[in-house]
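Reading through the structure tokens given below for one structure.
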Amino acid sequence: MRPRTLISPAQLGRRRGKVVYWVVFALVMVLFTLVFLGPMYWMVSGGLKTTQEFVKSPPTLVPTSVHPGNYRDAWRVMDLAKLLGNTLYYAFGALAFQLVLDVAAAYSLSKLRPLFGNVILGMMLATLMIPATVLVVPQYLTVLDVPIFERNLLNSPWVIWLPSVTNAFNIFLLKRFFDSIPQELLDAASIDGASALRTLRSVVLPISRPILGVVSIFAVVGVWKDFLWPMLTLPDPGKQTLNVGIYSLASGVPENWLIAALTIASLPTLILFLLFQRNIMSGLTAGGLKG
Amino acid sequence: MSAPTLSKSSPASARAPHHLPERRGSLARAVKRNLSAHGFLIGAVLCFSFFSWYPMVREFFLAFQKNKDGRTTWAGWSNLSYVFNDPAFWQAWRNTLLFTGLALVLGFAVPFLVAVLLNEFRHGQGYLRMLVYLPVMLPPVASVLLFKYFYDPGYGLFNRILGIFGIPDQQWLQSTSTAMISVVIAATWMNMGGATLIYLAALQGIPGELYEAAELDGAGLWRKIWHVTIPQTRLILSLMFLMQIIATMQVFTEPFLLTNGAGPEGSTMTVVYLIYQYAFNFNNYGGAAALGLVLLVLLAGFSAVYVRLSRPQED
């Protein structure tokens, strides 16, 4: 049985309550579908229209003639394969770096408890308090000439991958999950002679699959949605992400092609969302309810 | 089971994690254990050092430096006074505060009301939750360009919809009086999903007996919301309020993409856009850093005051 909420079951059970409930419910269903799904329908169908039909007023609900060729043209003219490939490369590279380095860090902070571990954790969490945009300028100057290594990371994938590791929120989520793994399990492994790395691999990681899923999705979506940082650090058009590439090409192509390109750019994260809806929602509330 | 003496096991170690074990020779083992623990940390710590901690320190120094012909010189307070004397500074702050204010009215209230409403539904909650979160997954360029087309004064959808209700066409992004609210509406649509889901989860944690008790006392719908729903979710509400303010004060992408940053007569130029302009259009890194420092100090001060004010109420 579902828990009781604002409106009492008795009130809902009455005739008037039922009518009001279904009317409000139907209104909300229609309104939300229009407001949130409508623009996406408009985008997909707009990509199928001719340029003349696209800018016609009033707009047509269903394309009078369907031109799937727009999608092909957009793909070719805006070189979406390149942009898509770049974005995938950055996103999954960032995911790999975050999974290896952030999981190792969270494991160490949660279970190995090194000296000064709490200080390091505190300094990592402090970065969440600093407004991120304030750091864009000094971060940009840093990647122009990384101290000690004296390398310019502009236009290289490292400029996306390495800063993505500094995700204190993911480390916090992972550490909290690892904290909830009973110490006895790890003790048992260490009595059997397992090293810390072995314990991480064969005990901790298999249990942590749900949180690893959440962190992975956030990592990929984070790179997919980022705009300012890739715009600044990947000026070479051949190295750009979908967001930046489409933005810089936007004024030079016909509207219907642009809309088709937007649909193509949106598909990967929308599919990801439909596949992993439950993980994303649980991860969101896990982070939000930290109190 | 005889507990191993290494301090990393046993619950006692949780209380005193750095307590050295008393067994002879264990110092070497403690050192070894720490080496391995730090080995796991090193990658992330290096990344934080280069791309987070060092830039933080650098931001502070940049604000007091001048960069000319590749040479860095100490500038004292001149960057700050330059920034304060720029008329754009005050306009950017007025715009940013307006954005934050509007975004609080819309972006804070709407998700909460939507969550309260959805929480009452016995059907279709999964579908509605999915709908609200869908825009969050869109790349910002896609959602922003969609809204640009909807706002178009000529063939845009919004003016057609207003026309149905007999409301005259609006200029939306092209007029100084409506540009900012148009940006806020788009930003709310794009970002409200996360907050709504967080509120929903909080609402689902409210014990039903509280509502029953309120009903016995004769409370109606509004009094139940006021005296049960809001107090029961106050912790999460106040946290989200704080995060919302911090996030909206840093708004950049939405106005940048919707109105090319400044908007008509600079009416959507925000503080972060001004930082961007100083740094990447005028090559004035010192000015950008000084402006960033003002934003940082203001937000840090605001957070501190807010946390202090909201603490005593929690008893």
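A short reminder: the numbers here are calculations on the coordinates, not readings from a lab. Because the structure is predicted, anything quoted here is derived from the model rather than measured. Neighbour counts run over all protein chains shown; Cβ positions are idealised from the backbone, glycine included.
Within the range A:31-56, if we keep just the residues that are of a type in the set (A, V, I, L, M) and in contact (Cβ under 8 Å) with a residue 12 or more places away in the chain, the residue that is farthest from the other protein chains (Cβ to nearest Cβ) turns out to be A:L48.
Taken over the range A:157-214, the criterion of being surrounded by fewer than 17 Cβ atoms within 10 Å (Cβ to Cβ), closer than 24 Å to A:G122 by Cβ and polar (S, T, N, Q) is satisfied by A:S180, A:Q183.
Checked across the range A:21-30, the condition of being more than 13 Å from every other protein chain (Cβ to nearest Cβ) and either among the hydrophobic types (A, V, I, L, M, F, W, C) or within 22 Å of B:G163 (Cβ to Cβ) (or both) holds for no residue. Within the range A:247-270, can one find any residue that is among the aromatic types (F, W, Y) and touching an Asp or Glu at 6+ places or on another chain (Cβ under 9 Å)? Scanning the range A:247-270, I find at least one residue that is among the aromatic types (F, W, Y) and touching an Asp or Glu at 6+ places or on another chain (Cβ under 9 Å), so the answer is yes. Of everything listed in (1) more than 10 Å from chain A (Cβ to nearest Cβ); (2) touching a strand residue (DSSP E or B) at 6+ places or on another chain (Cβ under 8 Å), the single unmet condition for B:Y285 is (1). Of all residues in the range B:50-80, those being part of a helix (DSSP H, G or I) and crowded, with 16+ Cβ neighbours inside 10 Å number 12. In the condition set (1) more than 9 Å from chain B (Cβ to nearest Cβ); (2) part of a helix (DSSP H, G or I), A:V66 is compliant with all but (2).
Considered as a group, the residues in the range A:243-256 that are buried (at least 24 other Cβ atoms within 10 Å of the Cβ) and closer than 20 Å to B:D152 by Cβ include one that is farthest from the other protein chains (Cβ to nearest Cβ), and that residue is A:N256.
Of the helices (runs of 4 or more DSSP H) contained entirely in the range B:161-262, those carrying at least 1 residues that are among the polar types (S, T, N, Q), buried (at least 17 other Cβ atoms within 10 Å of the Cβ) and more than 11 Å from chain A (Cβ to nearest Cβ) fall at B:179-204, B:234-248, B:253-259.
So which of A:L83, A:L101 ends up being facing chain B (nearest Cβ under 9 Å), within 20 Å of the chain's Cα centre (by Cα) and assigned to a helix (DSSP H, G or I)?
Among A:L83, A:L101, only A:L101 is facing chain B (nearest Cβ under 9 Å), within 20 Å of the chain's Cα centre (by Cα) and assigned to a helix (DSSP H, G or I).
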